[in-house]
Structure formats: structure tokens, C-alpha cells
1. Right, ILE192: at pLDDT 95 or above, more than 16 Å from ligand 2 (Cβ to nearest atom), assigned to a loop (DSSP other than H, G, I, E, B) and open to solvent by less than 60 Å² (accessible area, probe 1.4 Å) or not?
2. Looking only at segment 41-55, decide whether some residue is within 16 Å of VAL139 (Cβ to Cβ), within 14 Å of ligand 1 (Cβ to nearest atom), without any contact (Cβ under 8 Å) to a residue 60 or more places away in the chain and out of contact with any Gly (no Cβ under 6 Å at 6 or more places or on another chain).
3. What pairs come up if the first residue lies in segment 99-121 and is free of Cβ contacts under 8 Å to residues at least 60 places away in the same chain, the second is open to solvent by 60 Å² or more (accessible area, probe 1.4 Å) and in a loop (DSSP other than H, G, I, E, B), and their beta carbons are under 7 Å apart, counting only those six or more places apart or on different chains?
4. Of all residues in segment 112-123, count the ones that are modelled with pLDDT under 95 and open to solvent by less than 40 Å² (accessible area, probe 1.4 Å).
5. Within segment 129-148, which residues are within 13 Å of ligand 1 (Cβ to nearest atom), farther than 30 Å from ASP187 by Cβ and not in a helix (DSSP H, G or I)?
6. Please enumerate the residues belonging to segment 149-170 that are assigned to a loop (DSSP other than H, G, I, E, B) and surrounded by fewer than 18 Cβ atoms within 10 Å (Cβ to Cβ).
7. Of all residues in segment 234-273, which are in a helix (DSSP H, G or I), among the hydrophobic types (A, V, I, L, M, F, W, C) and open to solvent by less than 50 Å² (accessible area, probe 1.4 Å)?
Amino acid sequence: MTKIIQASEIEEGASLLQDGQLVAFPTETVFGLGAIANNADAVKSVYAVKGRPSDNPLIVHIADPEDIFDYMIDDDPERHDLIEKLTAQFWPGPLTLVVPVKPGTFPSVVTGGMDTVGIRLPDHGTTRDLIRATGFPIVGPSANISGKPSPTQVAHVMHDFDGVIGGVVNAEPTRIGVESTVLDLTDSRGLIILRPGYITKSMLAEVVTDMPIYIGGTIANNAEEAPKAPGMKYVHYSPNQPVMAVSSDKMSNVLADLSSQSIKVALATSENNFEKYKTSVASIVSLGPTIETATQQLFAALRTFDDQENIQQIVVELYPDTEKNGAYRNRLIKASSTVVE
Ligand code: TXA
Ligand code: MG
């Protein structure tokens, strides 16, 4: 049985983790699937229950900013200063820093055998208490079966892992709704955003003024040179039915076309377009009034439709290509088999 652990019972979550069991935990982005990061067997079972490829390294979650220096090779004063600047501004928060791992601190299964490690300080007090009570950092990939939308609610974690993991820490739905920005600090050319998230290039550039910042994959045309997070190459966020990402401009044409083929459509759309389309589809959810609400609700909408019978096509509104919309667009386009804009 999977125990729902209340914030007041955090010691119980910590003992499960110390025993090598898996405990899902809330963050500001999505729920993570926790295992104590010094137990190779526990970490292996994270890969096993998720069905996650073993070459896709895990993020290590810490409870206090200065702890990052205990787990990395800290021999470069410039990098040390850079980390202090970044963490003062963005931690706790949705920014993962990829740094050279200190040999011997984590079993190699944590880092997928790489000589770097992704470290993050989540903006969730209960989870930081859990890490402190556990006494060692915890790994935490998103707490979903690999390939499925990431979990933003306790119910999503239970849907995928009830009876499979030791517990889940109870909390409200997550505030941001997509995973952290992953930033590589180990490339001599500059800082590289390996995965887009709430923290954008412009936000980073306000703090880091003396180094170039690149979006991974755009730094060089040579594929071999283009650094990426290993996880970015895998199928992601996909419900059972095909997903189409459609801009507001193209929406009426696309829905008319699907309707002429008698295809049963589920639509997730901005609040603005909700009234306009609600009678022309089999199922509809509103993503709210802003890009923030849409980002927060995207994965929940995909999961809602996933569990509905007789839906044949999921359609989700694709917001315009601006920096602020970047993380939403990245996740939706990855989930989609067709993009119309
Ligand atoms: O918001 C988040 O980051 C959530 C919450 C639970 O903290 N966690 C999360 O973990 O999204 P996961 O495992 O689903 O995604 C981790 C991403 C993957 O794309 C992985 O390849 C990349 O980070 N990554 C981890 N360690 C890395 C490393 N050493 N070098 C490059 N990429 C790394
Ligand atoms: Mg994930």
C-alpha cells in the first residue's frame, strides 16, 4: 500500500527513504519520485518503476543552497562565484544546475555514469524538511511512468504508482506545472540551457552579465557538438490518444475539419476561447486566463483526457512563440504528433 504522508508525519517519509523505499514529494514544478541518493538499489528501483532508460541521469535535490559545494568539484573560483550569484537569485526555485560531480559522493546510477550531476533546491518547505530529516539528498525524476505527462497532483502520482511506492507526501497541486530549467555550468563556451523552464534566458541574463547563455541545440549546427540533456531525446508527456497543438488562429479550421470526419475531439483551450468552442467538441477543459495558468494546468488536462473513453483526438491550444511561453510550448510540442500554427 502507498501511504499518503501528511506534512506533520514527515519523519515517517524520511524513515521510508532511509530504508531504501520510494517516496514521492511535491515541489513548485511537478511531483518528484524520491529515493535516498546514496543507496544504489533504491535509485535503481526509481528507474525500474518508471520504466526509465538507464542512460538518463537523475536530478539530486538538496535542502540548503551551500550544500551544492559538498557534492561537486569546487576547484574553479569563477564557477564558485557564478553559483553563488545564481543560487542567491533563483534558489529555492525551478533551476537545476549541472556541475562536475565530486567522485564517490553518489553511486554512478544517479548520474547515468556521467561525470556531472544536476542539483536542485526545490521551493517547497515540506520537501526541504523531508530532505533534512532523511539526512542525505534525494533523487527525484518526475513521479510518472516514463513517457506519460508529469504529475502535478497527488492523484496523478497515485494513478501511476499506487501500491508500487512506499508513500507520497500530501500537498496542494504544484504551482508552476512544468519541470525546472536545466542549466549546464560545465561548458567552456558559456552557460547552456539544456531544458527550458520557468526561469528563462532573459531572467538568467539579468544575473549573469559576463558570459554568453545559449539554448541547448542552437549553439552549433553540428549535432555532435550540440549539448543536450540526455532525457530530451525520449518520447514525453504523451497520453494514449494523439495530441495536436493548434494556434488560436488556426483553431476553428482544424476543429471544423475534425468534425467533418466525425472524429471525437477533446479540447484544452484558453479561457478566452472556451465559450466559442464548447459546443463543438466532445470534451473540453479551460486552461485559464494566462500563460501561467495554462502551464500549471497543461499536464492535468492531458491526464484528464487520457482517462476518458471514446476520445479519438486531443487538441490543445498552442500559445504564440514568445520567451515567456517557451516552457509551455516545449512540453506541448513534445506531447504532440501534429503542430498547426
Ligand atoms: O522540476 C524538476 O526538475 C522535476 C522535479 C521533481 O524536481 N524533476 C525532473 O526530473 O524533471 P527528470 O528526471 O524528469 O528530468 C531531469 C532532466 C532530464 O532531461 C535529464 O536528462 C537532465 O535533467 N539531467 C539530469 N542530470 C543531468 C546531467 N548531469 N547532465 C545533463 N542533463 C542532466
Ligand atoms: Mg520527467
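The values are calculated or read from the model by the stated rules, or taken from the named source; none is laboratory data. Every value quoted in this text rests on a predicted model; they were computed, and no experiment measured them. Because the Cβ atoms are built from the backbone with ideal geometry, glycine has one as well, and the counts that use them run over all protein chains shown. Accessible surface areas use protein heavy atoms only, side chains included; no ligands, DNA or RNA. Shrake-Rupley method; radii C 1.70, N 1.55, O 1.52, S 1.80 Å.
1. Values: at pLDDT 95 or above: yes; more than 16 Å from ligand 2 (Cβ to nearest atom): yes; assigned to a loop (DSSP other than H, G, I, E, B): no; open to solvent by less than 60 Å² (accessible area, probe 1.4 Å): yes.
So ILE192 does not fit the description; no.
2. yes
3. VAL101/ASP115; LYS102/ILE73
4. Total satisfying the criteria: 1.
5. Keep residues of segment 129-148 that are within 13 Å of ligand 1 (Cβ to nearest atom), which gives 130-131, 137-148.
Those still in the list that are farther than 30 Å from ASP187 by Cβ too: 130, 145, 148.
Answer for segment 129-148, where residues must be within 13 Å of ligand 1 (Cβ to nearest atom), farther than 30 Å from ASP187 by Cβ and not in a helix (DSSP H, G or I): ILE145, LYS148.
6. So the first thing to find is which residues in segment 149-170 are assigned to a loop (DSSP other than H, G, I, E, B), and the list is 149-153, 162-166, 170.
Those that are assigned to a loop (DSSP other than H, G, I, E, B) and surrounded by fewer than 18 Cβ atoms within 10 Å (Cβ to Cβ): ASP162, GLY163, VAL164, ASN170.
7. Answer for segment 234-273, where residues must be in a helix (DSSP H, G or I), among the hydrophobic types (A, V, I, L, M, F, W, C) and open to solvent by less than 50 Å² (accessible area, probe 1.4 Å): MET251, VAL254, LEU255, LEU258.
Here is a yes/no grid of residues against (1) away from ligand 2 (no atom under 16 Å from the Cβ); (2) out of contact with any His (no Cβ under 8 Å at 6 or more places or on another chain); (3) among the aliphatic types (A, V, I, L, M):
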| site | (1), (2), (3) |
| --- | --- |
| ILE83 | yes, yes, yes |
| LEU97 | yes, yes, yes |
| PHE106 | yes, yes, no |
| GLY112 | no, yes, no |
| ARG120 | no, no, no |
| ILE145 | no, yes, yes |
| GLN153 | no, yes, no |
